[in-house]
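Chemist: Mind having a look at this structure? Questions to follow.
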Amino acid sequence: MIPSVLPTYSRAPLHFVKGEGSWLIEEDGRRFLDLGSGIAVNALGHAHPDLVKALTDQAQMLWHVSNLYEIPQQQALADKLVAATFADTVFFTNSGTESCELAVKMARKYWYDKGHPEKTEIITFSGSFHGRSSAGIAAAGSEKMTKGFAPLLPGFKHLAWGDHEALYAAFDETTAAVLVEPVQGEGGIRPMPDQCLKGLRALCDEKGVLLILDEVQCGMGRTGRLFAHEWAGIAPDIMMVAKGIGGGFPLGAVLATEEAASGMTPGTHGSTYGGNPLACAVGCAVMDHVADPDFLAGVNRRAGHLRQKLEGLVADHPDIFESVRGSGMMLGLKCKVAPADFVKAGYAAQVITVPAADNVVRLLPPLTLSEDEIAEALVRLDKAATALEAHPA
């Protein structure tokens, strides 16, 4: 008999009932150190007092009115994002998947309105993940994402990650945009080198196509800058955001320049819940923290310490790990064992990690992870690795 919850996840037998900062409490009372943050969502940890206050204050006032009316909290969050980024305008969604849908529509509508309806194709890269909608799985293109869901949405050209010659050759008269994650998350914590991101921006300018960045997982302070592309000193035309922007409350956004968004006129897109007062009140509270230079300096300092300790962990367990990679608080342990086995060993050691492709285990802790919690994290990760060495799966 099928369970009442559709079985599309192989769920761990854990039942968390409370969260406190970097900690999750199981219903049996065990305390787990959360190095997953709900897959890079709980940027400020669990039950952060500023987020709790923003949510409860707004909940006592107004929850939902729809986008048929002006929403002050939405305007406030849009203003904060525009002031802090390349963007001139913002549309709010409920998720990264919805942000992908709009980013694709925006790029194609831009060229249609410019008198080039033939420019519909979007270049994407192997290992990418852009959500599980029809556009998202078609953009990623991997068999894991697309098998059984044909016919796929057309209009995407898939290139191998890091194949510069193929990238140069891929542009033609139908190319509308390039879509890329500055740091691949699901793909195994693979950062695009700064020089490559600079080169990609220059190539898009040379060819006259739009650059779309997917910063759903690597944005909102995750790499030690508000957005990962800032490290390369470039700016996109369109950017997808979600996960950390709501600090745990469902919220996403598409940021764009005035030029790139010029085709999105009244009636071309909409969302019933997107940008509702509750979500945007929380989003404003998140931005007040993660856009603060002092906060980001602390993230970078503690992320450097965490990485140093992880390098030691890898050296101590050469049969379990190969290397550490990533940026800021978006780190990956390249494994010699199956990532799922290490994640399971972590459950026994009461530490939460997240599996990814390319034999990588992701560490995506709250950006507020303390020095003492870093020390405890290493104790628990070491315990998990030691257990796997003693009893290989």
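The values are calculated or read from the model by the stated rules, or taken from the named source; none is laboratory data. Source: prediction; values computed, not measured. Here Cβ is always computed from backbone atoms with ideal geometry, including for glycine, and neighbour counts include all displayed protein chains.
Chemist: Scan L203, L251 and give me the residue that is aliphatic (A, V, I, L, M) and within 18 Å of the chain's Cα centre (by Cα). Reasoning before the result, please.
Modeler: Numbers: L203 fails: within 18 Å of the chain's Cα centre (by Cα).
Result of the check over L203, L251: L251.
Chemist: Here's something else I'd like to know. Can you tell me which residue among G188, G148, G162 is in contact (Cβ under 8 Å) with a residue 60 or more places away in the chain and among the small types (G, A, S)?
Modeler: Working: G148 fails: in contact (Cβ under 8 Å) with a residue 60 or more places away in the chain; G162 fails: in contact (Cβ under 8 Å) with a residue 60 or more places away in the chain.
On inspection, the qualifying residue turns out to be G188.
Chemist: Within the stretch 58-80, is even one residue exposed (fewer than 11 other Cβ atoms within 10 Å of the Cβ), among the hydroxyl-bearing types (S, T, Y), without any contact (Cβ under 8 Å) to a residue 60 or more places away in the chain and within 30 Å of M330 (Cβ to Cβ)?
Modeler: no
Chemist: Okay, moving on. Would you check if there is a residue in the stretch 260-279 being aliphatic (A, V, I, L, M), touching a residue at least 60 places away in the same chain (Cβ under 8 Å) and either in contact with a His (Cβ under 7 Å, 6 or more places away or on another chain) or more than 24 Å from L211 (Cα to Cα) (or both)? Show your work before the answer.
Modeler: Taking the stretch 260-279 first, the residues aliphatic (A, V, I, L, M) are 260-261, 264, 278-279.
With touching a residue at least 60 places away in the same chain (Cβ under 8 Å) added as a condition, the list becomes 260-261, 264, 278-279.
Next cut, either in contact with a His (Cβ under 7 Å, 6 or more places away or on another chain) or more than 24 Å from L211 (Cα to Cα) (or both) only: 278-279.
Yes - at least one qualifying residue is present in the stretch 260-279.
Chemist: Sticking with this one: Those residues that are of a type in the set (D, E, K, R) and either closer than 18 Å to F92 by Cβ or out of contact with any Asp or Glu (no Cβ under 9 Å at 6 or more places or on another chain) (or both), I need them from the stretch 38-73; list them, please.
Modeler: As a first pass, look at the stretch 38-73 and keep what is of a type in the set (D, E, K, R): 50, 53, 57, 70.
Within the stretch 38-73, K53, D57, E70 qualify.
Chemist: Also, quick follow-up: If you take just the strands (runs of 3 or more DSSP E) that sit entirely in the stretch 307-393, which of them hold at least 1 residues that are surrounded by fewer than 17 Cβ atoms within 10 Å (Cβ to Cβ)?
Modeler: On the way: elements: 321-327, 330-335, 354-356, 360-363.
Ranges flagged: 321-327.
Chemist: Now for a different question. Kindly check whether there is at least one residue in the stretch 284-298 that is of a type in the set (G, A, S), farther than 16 Å from T97 by Cβ and assigned to a loop (DSSP other than H, G, I, E, B). Full working, then the answer.
Modeler: Narrowing the stretch 284-298 to residues of a type in the set (G, A, S): 285, 291, 297-298.
Checking which are farther than 16 Å from T97 by Cβ leaves us with 285, 291, 297-298.
Adding the requirement that they be assigned to a loop (DSSP other than H, G, I, E, B) leaves 291.
Checked the stretch 284-298: at least one residue is of a type in the set (G, A, S), farther than 16 Å from T97 by Cβ and assigned to a loop (DSSP other than H, G, I, E, B).
Chemist: Being in contact with a helix residue (DSSP H, G or I) (Cβ under 8 Å, 6 or more places away or on another chain) and more than 11 Å from L378 (Cα to Cα) is the filter here, so list the residues in the stretch 306-325 that pass it.
Modeler: D316, H317, D319, I320, F321, E322, S323, V324
Chemist: Still on this model: Filter the strands (runs of 3 or more DSSP E) completely within the stretch 107-206 down to those with at least 2 residues that are within 29 Å of S37 (Cβ to Cβ) and in contact with a strand residue (DSSP E or B) (Cβ under 9 Å, 6 or more places away or on another chain).
Modeler: Values: elements: 121-125, 156-159, 175-180.
Answer list for the stretch 107-206: 121-125, 175-180.
Chemist: Among the listed residues V282, V286, identify the single one that is buried (at least 16 other Cβ atoms within 10 Å of the Cβ), assigned by TED's automatic domain parsing to the domain that holds Q74, under 21 Å from D88 (Cα atoms) and not hydroxyl-bearing (S, T, Y).
Modeler: Values: V282 fails: under 21 Å from D88 (Cα atoms).
Selected residue: V286, the only one of V282, V286 that is buried (at least 16 other Cβ atoms within 10 Å of the Cβ), assigned by TED's automatic domain parsing to the domain that holds Q74, under 21 Å from D88 (Cα atoms) and not hydroxyl-bearing (S, T, Y).
Chemist: Another question, then. So which residues in the stretch 233-254 are of a type in the set (V, I, T) and farther than 17 Å from A291 by Cα? Break it down stepwise before answering.
Modeler: Let us first name the residues in the stretch 233-254 that are of a type in the set (V, I, T), namely 234, 238, 241, 245, 254.
Selection gives I234, I238, V254.
Chemist: Can you tell me which residues in the stretch 255-300 are of a type in the set (S, T, Y) and touching a Phe, Trp or Tyr at 6+ places or on another chain (Cβ under 8 Å)? Let's see the steps before the verdict.
Modeler: Within the stretch 255-300, the first condition is being of a type in the set (S, T, Y), and the residues that meet it are 257, 262, 265, 268, 271-273.
T257, S262, S271, listed by residue number.
Chemist: With L153, L200, L179 as the choices, which residue is in contact with a His (Cβ under 9 Å, 6 or more places away or on another chain) and either on the phi > 0 side of the Ramachandran plot or surrounded by 13 or more Cβ atoms within 10 Å (Cβ to Cβ) (or both)? Break it down stepwise before answering.
Modeler: Details: L153 fails: in contact with a His (Cβ under 9 Å, 6 or more places away or on another chain); L200 fails: in contact with a His (Cβ under 9 Å, 6 or more places away or on another chain).
Only one candidate qualifies: L179.
Chemist: I've got another one for you. Which residues, counting only those in the stretch 338-372, are in contact with a Leu (Cβ under 6 Å, 6 or more places away or on another chain) and either over 30 Å from F295 (Cα atoms) or without any contact (Cβ under 8 Å) to a residue 24 or more places away in the chain (or both)?
Modeler: Hit for the stretch 338-372 is A345, nothing else.
Chemist: Something else about it: Looking at F342 and the list (1) in contact with a Cys (Cβ under 7 Å, 6 or more places away or on another chain); (2) under 30 Å from P72 (Cα atoms), which single condition is not satisfied?
Modeler: (2)
Chemist: Would you pick out the residues in the stretch 238-260 that are of a type outside the set (K, R) and either assigned by TED's automatic domain parsing to the domain that holds R302 or over 16 Å from A83 (Cα atoms) (or both)?
Modeler: Pass one, the stretch 238-260, residues of a type outside the set (K, R): 238-242, 244-260.
Across the stretch 238-260, the qualifying residues are M240, A242, G244, G246, G247, G248, F249, P250, L251, G252, E259, A260.
Chemist: To continue, here is another question. For the stretch 91-104, check the following and say yes or no: at least one residue is hydroxyl-bearing (S, T, Y), farther than 18 Å from G270 by Cα, modelled with pLDDT of 95 or more and in contact with a strand residue (DSSP E or B) (Cβ under 8 Å, 6 or more places away or on another chain).
Modeler: no
Chemist: Which condition does A138 not pass, out of (1) of a type in the set (G, A, S); (2) buried (at least 22 other Cβ atoms within 10 Å of the Cβ); (3) under 25 Å from L226 (Cβ atoms), if it passes all the others?
Modeler: (3)
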